[in-house]
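Worksheet: the structure to be examined is printed underneath.
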Amino acid sequence: MNQNVRIDEHLIEVEPYYLPLADEVELAEAAYGAGLPLLLKGPTGCGKTRFMQYLAWKLGRPLVTVSCHDDLSTSDLVGRYLIRAGEAVWTDGPLTMAVRAGAICYLDEIVEARKDTTVVIHPLADDRRELPIEKRGELLAASPEFMLAVSYNPGYQSVLKDLKPSTRQRFIALSFDYPDLEREADIVVREGDVTKELARTLVKLAHMTRSLKDSGLPEGASTRLLIQAGKLMAKGIAARTACRVAITEPLTDDPELLAAIDEMVSSLI
């Protein structure tokens, strides 16, 4: 199998829009230059994935993204033998493909993966920079251009879903959060195709929903949800309807919280 053809599909040729909030780009570039892995921490929809897309574009490296989940196995990451034309043929998983090609491998929501799966990244995330492929009896040394990055949402941290210290302490950690009102509005204007006035209103709504954490709402409206609402409005959907289907309903199923958020929308729009 031609791995180069596969990895070229992961190159980001057009600059993704990303508005830096602090020195996260410079820190990530320094980590890349030093061969250090990245751990991104922050709430849902605050820009972690877009940051990785921007970083990959800036570094000129392919970005291989894996959305982690409960059933993600080591074979899903590393690779497996598949039967083709009556023969067992080895096929690299996304992590192995990235290691070979010197790409950036981004494991999104790493805490969702099985514990026995996350252990496979340990030798990649320290000074060994090696990936053991047990089924092939191979110890794959990472290309100098390879970078490992993982993310998770501390808001959903629990005893059962948390990174072990032995995993965490291998990474350079960058904390992400939602931008201040004006910069978040700038993002919504650019990505949601709405006016600055409407973008500010949406951000104010988001801030109000984020204050409901003590009332049982795990997380308030993310920047991503505001952008989605803006896109619907740009297509002619009424503002309140767009807010209901893009913000209110995705946030909760609780009748009281739904009513509270609908009241917030009515007070602003």
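Points worth noting:
- Pairs, first in the same structural domain as Val120 (by TED's automatic domain parsing) and at positive phi in the range 80-105, second surrounded by 10 or more Cβ atoms within 10 Å (Cβ to Cβ) and assigned to a helix (DSSP H, G or I), C-beta under 9 Å, six or more apart: Gly102/Ile7
- Criterion violated by Val66 - all others in (1) surrounded by fewer than 21 Cβ atoms within 10 Å (Cβ to Cβ); (2) hydrophobic (A, V, I, L, M, F, W, C); (3) over 30 Å from Glu184 (Cα atoms) satisfied: (3)
Yes/no per residue for (1) over 30 Å from Lys115 (Cβ atoms); (2) in contact with a helix residue (DSSP H, G or I) (Cβ under 9 Å, 6 or more places away or on another chain):
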residue: Ile172; (1), (2): no, yes
residue: Leu181; (1), (2): yes, yes
residue: Ala206; (1), (2): yes, yes
residue: Ser211; (1), (2): yes, no
residue: Glu219; (1), (2): no, yes
residue: Thr223; (1), (2): yes, yes
residue: Gly230; (1), (2): yes, yes
residue: Thr248; (1), (2): yes, yes
residue: Leu251; (1), (2): no, yes
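- Segments classed as strands (runs of 3 or more DSSP E), wholly inside the range 1-87, with at least 1 members that are β-branched (Val, Ile, Thr): 63-67, 79-84
- Counting only helices (runs of 4 or more DSSP H) that sit completely within the range 189-269, those holding 3 or more residues that are surrounded by fewer than 16 Cβ atoms within 10 Å (Cβ to Cβ) correspond to 196-210, 255-268.
- Failed criterion for Leu27 (all others in (1) within 18 Å of the chain's Cα centre (by Cα); (2) at pLDDT below 95; (3) surrounded by fewer than 17 Cβ atoms within 10 Å (Cβ to Cβ) hold): (2)
- Whichever residue in the range 144-167 is surrounded by 15 or more Cβ atoms within 10 Å (Cβ to Cβ) and modelled with pLDDT under 95 and, among such residues, is nearest to Leu63 (Cα to Cα): Tyr152
- Scan of the range 211-269 for residues that are over 19 Å from Pro179 (Cβ atoms) and of a type in the set (Asp, Glu), ordered by number: Asp214, Glu249, Asp253, Asp254, Glu256, Asp262, Glu263
- From the list Asp127, Asp116, Asp108, the lone residue that is assigned by TED's automatic domain parsing to the domain that holds Tyr17 and in contact with a strand residue (DSSP E or B) (Cβ under 9 Å, 6 or more places away or on another chain) is Asp108.
- Flag set for Thr96, criterion: surrounded by 13 or more Cβ atoms within 10 Å (Cβ to Cβ), under 30 Å from Glu15 (Cα atoms) and touching a Gly at 6+ places or on another chain (Cβ under 6 Å).
- When Tyr17 is tested against (1) modelled with pLDDT of 95 or more; (2) surrounded by fewer than 21 Cβ atoms within 10 Å (Cβ to Cβ); (3) under 23 Å from Leu124 (Cβ atoms), exactly one condition is not met: (3).
- Residues of the range 158-188 classified as over 30 Å from Ala125 (Cβ atoms) and in a helix (DSSP H, G or I), total: 8
The values are calculated or read from the model by the stated rules, or taken from the named source; none is laboratory data. Quick caveat, the model's predicted, so the values are computed rather than measured. Here Cβ is always computed from backbone atoms with ideal geometry, including for glycine, and neighbour counts include all displayed protein chains.
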